[in-house]
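Input: a single structure, listed below in structure tokens.
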Amino acid sequence: MRVLVSEVGPRDGLQSISAIMPTEAKKRWITALAAAGLREIEVGSFVPARLLPQLADTAELVAHARQIAGLTVAVLVPNLKGAEAALAAGAHKLTIPLSCSETHSLRNVRRSHAQMLDEARAIAAAIRELPAAERPHFEGGLSTAFGCTLEGAVPERRVVELAEALMDCGCDEVGLSDTNGYADPAGVRRLIRAVWAGVGRERLTGLHLHNTRGLGLANALAALDLGISTLDASQGGLGGCPFAPGASGNIVTEDLVFMLEAMGLDTGIDFRGLLAARAVLASALPDEPLYGMVPLAGLPLNFSQSA
Ligand code: ZN
């Protein structure tokens, strides 16, 4: 079984820290990640630079990453305007985040569920105008799917309804995001099954997990056991959690890859290459803490990868 580890550090990690990584360093990092075997990298987000100056160079990074053979270049797009920029840049995969918590959606992007679904519909229409061979993959990312810091628990029913609504708007698939690290393995299984029942198994293949409460890898394993085949992770768990010192942001790419390879699952990622990419990241952001147990402890003696 092959698992796709989708690297989101250049987007989720970098947007969570105040330091701005120089564009040339980002390019070196992305190149090193791809050289390690990462086949999908979310390189940025098409949001106004005044809101997220850390990601203002996303178009340039898409252009750079597109030159790497075999790499799927993913970006986040909060609205049609962002999507148009992403299409112009030539991104291979667009994800529109839809917060299951409407309070969070209003606070975060100042749009209601209905308004966000309108954006998704407009983006799908813009994609359909392209020749078939040039259309990027379009994902609806259900953020705060496992709970929200403003609303608390999010009803499972609402997540399923929003997944169905995103598919109706023309998304190719939906993803589930544990934006705040609220998920637990039993809840992960429950929600995946519920969404599968609503939109079909082939329309939910990926999860985006955070390690805020230390359950990231346990949640990843629960999802894998059910048959989820794509897992987002960020190198060094970049970003951390401002409210939980010591907690990484996303699940740590290095630790996830170690777990998968140790289990005999093929990621196509070379651990030494991953450490080389981590060194690029560390030298570009020397003041930023990097997380991960395996990079600190080292690989077990005679550890051999499936690749
Ligand atoms: Zn995230």
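Yes or no, residue by residue, for (1) open to solvent by 60 Å² or more (accessible area, probe 1.4 Å); (2) touching a helix residue (DSSP H, G or I) at 6+ places or on another chain (Cβ under 9 Å):
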{"site": "A63", "(1), (2)": "no, yes"}
{"site": "L76", "(1), (2)": "no, yes"}
{"site": "N79", "(1), (2)": "no, yes"}
{"site": "T103", "(1), (2)": "no, no"}
{"site": "R107", "(1), (2)": "yes, no"}
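Condition check ((1) touching a helix residue (DSSP H, G or I) at 6+ places or on another chain (Cβ under 9 Å); (2) within 16 Å of the ligand (Cβ to nearest atom); (3) among the acidic types (D, E)) across all residues:
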{"site": "D225", "(1), (2), (3)": "yes, no, yes"}
{"site": "G236", "(1), (2), (3)": "yes, yes, no"}
{"site": "L260", "(1), (2), (3)": "yes, no, no"}
{"site": "M263", "(1), (2), (3)": "yes, no, no"}
{"site": "F271", "(1), (2), (3)": "yes, no, no"}
{"site": "S283", "(1), (2), (3)": "yes, no, no"}
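For region 214-231, residues that are in a loop (DSSP other than H, G, I, E, B) and either open to solvent by 30 Å² or more (accessible area, probe 1.4 Å) or farther than 18 Å from G264 by Cβ (or both) total 4.
If you go through region 35-60 and pick out every residue that is surrounded by 15 or more Cβ atoms within 10 Å (Cβ to Cβ) and closer than 20 Å to T95 by Cα, you end up with 18.
A count restricted to region 245-258 and to residues that are away from the ligand (no atom under 16 Å from the Cβ) and at pLDDT 95 or above stands at 4. L94 passes every criterion in (1) within 18 Å of the chain's Cα centre (by Cα); (2) surrounded by fewer than 20 Cβ atoms within 10 Å (Cβ to Cβ) apart from (2). Of the residues D172, D184, D168, the single one that is away from the ligand (no atom under 16 Å from the Cβ), exposed (fewer than 15 other Cβ atoms within 10 Å of the Cβ) and either more than 14 Å from the chain's Cα centre (by Cα) or of a type in the set (A, V, I, L, M) (or both) is D168. On the stretch given as region 109-135, residues that are of a type in the set (V, I, T) and open to solvent by 20 Å² or more (accessible area, probe 1.4 Å) total 1.
Could you tell me how many of the residues in region 237-246 are open to solvent by 10 Å² or more (accessible area, probe 1.4 Å), closer than 21 Å to L274 by Cβ and touching a strand residue (DSSP E or B) at 6+ places or on another chain (Cβ under 9 Å)?
Start the filter on region 237-246 by keeping residues that are open to solvent by 10 Å² or more (accessible area, probe 1.4 Å), which leaves 239-246.
Restricting the remaining residues to those that are closer than 21 Å to L274 by Cβ gives 239-240.
Now narrow it down to the ones that are touching a strand residue (DSSP E or B) at 6+ places or on another chain (Cβ under 9 Å): 239.
So the answer is 1.
Cβ-Cβ contacts under 6 Å between residues 6 or more apart (or on different chains), taken from a first residue in region 93-104 that is closer than 21 Å to K81 by Cα to a second residue that is open to solvent by less than 30 Å² (accessible area, probe 1.4 Å) and among the acidic types (D, E), are listed as T95/E139.
Applying the condition of being open to solvent by 40 Å² or more (accessible area, probe 1.4 Å) and in contact with an Asp or Glu (Cβ under 8 Å, 6 or more places away or on another chain) to region 190-204 and asking which residue is farthest from the ligand (Cβ to nearest atom) yields E202.
The values are calculated or read from the model by the stated rules, or taken from the named source; none is laboratory data. What you see is a predicted model; the values in this text were computed from it and never measured. Methodologically, a virtual Cβ is constructed for each residue, glycine included, from the backbone with ideal geometry; neighbour enumeration extends over all protein chains shown. Side chains are part of the model used for accessible areas, which takes the heavy atoms of the whole protein and leaves out ligands, DNA and RNA. Shrake-Rupley method; radii C 1.70, N 1.55, O 1.52, S 1.80 Å.
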